[in-house]
Amino acid sequence: MYFGSVRFFKHLIIAVVILMITVPTALAIGFGVSNAGKEAEIGELKAQNVSLSALVDYYNGKTDYTAEEFMTVFEQLGIDDKEFVELLYEKDKSAFDKLFESAEVIANSDGSVEAGGDITTTAVTTTAPPQTTELTTTQEEPPSPYADLHTDLYCENTDDIIYNRDENYIYLTFDDGPSKYTENILSYLDTYDIKATFFVVPQDNEECKRLMKLIVDKGHTIGVHTASHVYTDIYKSVEAYLDDFQTAYDLIYEATGVKCDLFRFPGGSLNDYNTATCDAIIEEMTRRGFIYFDWNVDSEDALGATWTQMYNNVLNEVEGVSRAVILMHDHDSRYNTVLVLEDIIKALKNDPKNYTFDRLTRNVKPIQF
Ligand SMILES: [Zn+2]
């Protein structure tokens, strides 16, 4: 009998050894040809002297990276097998995502950097990459020029952040509410036992406060969107943004007892109205401990999408991301959102990917533009 015999195992071992030798060699030859151009691009990125910690922060909130961007990170980690990295990326982007996440980058205080976890590439530990000021500086940060403003406006939630690493998560988010449709939306969410997130525009009236309380009582996340939603006012300066944020924050607290730690910028963190101020505003809000979420799936309801467009936008875009933060609107003018919501939920619930719906918390990796 051949199977299980000594001869069989001999052949098996020989076959495995041959594969171990030939496959990497073939890959190396194949990629050697196309790698010259890539080398130049990588060199360019390296010349920009991007710091490791900045990159790690960047990727923690990013889902659509290029192979070159990833290779730069891996280079900084001392994993210099570019062909392998490129191959992985081309073959399976989500596996690549996991691989990067499992790297668990550790930046030591002496400036050296380690990668741990189940990395199957050549090197997993490395000595220090070119030193960066972010990794080596021991000087205290200069005080914020805005430290004297809104001195009570700091995120009070100081719980450790432990990111959810699981895939196929759906985070429904509703901006601009509450509205006359809020209760309809809440009842759909109840029907399908879904928790979601509402970035609200609180008004100082009883009906708005009642609806915000209802959102919280039903177990959803409430976050700050804005008080005025007037782009030209709020993005004029850091001071103007803080003023608007404080108004919204206080109204939400008064109505619900929740001290928000999450927020969403009107128009997203980078838009046509804040190019001059967004960096400073983000820096100041981050310094105060608040976390902002953009989105990676846009229903386009705010752009006037039809029922069909919204349905297709969401279902198509969800396919391409492992954790979908879906932008929708809870606003008196967004009737289509209410019309299509249940069908979108049903379609996602029936998807073979077996999506989990959840609300945003500090433990969801922020999606940021
Ligand atoms: Zn909005």
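The values are calculated or read from the model by the stated rules, or taken from the named source; none is laboratory data. Fair warning: this is a prediction, and the values are worked out from it, not measured in the lab. As a convention, Cβ positions derive from the backbone with ideal geometry for all residues, glycine included, and neighbour counts pool all protein chains shown.
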Worksheet entry | Flag for residue 194 being within 28 Å of residue 354 (Cβ to Cβ), within 16 Å of the ligand (Cβ to nearest atom) and at pLDDT 95 or above | no
Response to the item:
Of the listed residues (252, 281), the one being of a type in the set (A, V, I, L, M) and more than 29 Å from residue 336 (Cβ to Cβ) is 281
Item to complete: Run down 293, 245 and say which single residue is of a type in the set (A, V, I, L, M, F, W, C) and touching a Lys or Arg at 6+ places or on another chain (Cβ under 6 Å).
Response: 293
Worksheet item: Name the pairs whose Cβ atoms lie under 6 Å apart, with the first residue in the stretch 145-166 and in contact (Cβ under 8 Å) with a residue 40 or more places away in the chain, the second aromatic (Phe, Trp, Tyr), and 6 or more positions between them or separate chains?
Response: 155/290
Worksheet item: Do you know which of the residues in the stretch 202-215 that are in contact (Cβ under 8 Å) with a residue 24 or more places away in the chain and outside any helix (DSSP H, G or I) is farthest from residue 263 (Cα to Cα)?
Response: 204
Worksheet item: Considering only residues of the stretch 216-248 that are in a helix (DSSP H, G or I) and away from the ligand (no atom under 16 Å from the Cβ), which is nearest to residue 197 (Cα to Cα)?
Response: 216
Item to complete: Taking only the stretch 253-266 into account, find how many residues are within 18 Å of residue 293 (Cα to Cα) and either touching a Ser or Thr at 6+ places or on another chain (Cβ under 6 Å) or buried (at least 18 other Cβ atoms within 10 Å of the Cβ) (or both).
Response: 7
Worksheet item: Residues of the stretch 255-272 being under 29 Å from residue 322 (Cβ atoms) and more than 14 Å from the ligand (Cβ to nearest atom), which ones?
Response: 258, 260, 261, 262, 270
Worksheet item: What residue, of 286, 275, is in a helix (DSSP H, G or I), away from the ligand (no atom under 16 Å from the Cβ), out of contact with any Leu (no Cβ under 6 Å at 6 or more places or on another chain) and assigned by TED's automatic domain parsing to the domain that holds residue 333?
Response: 286
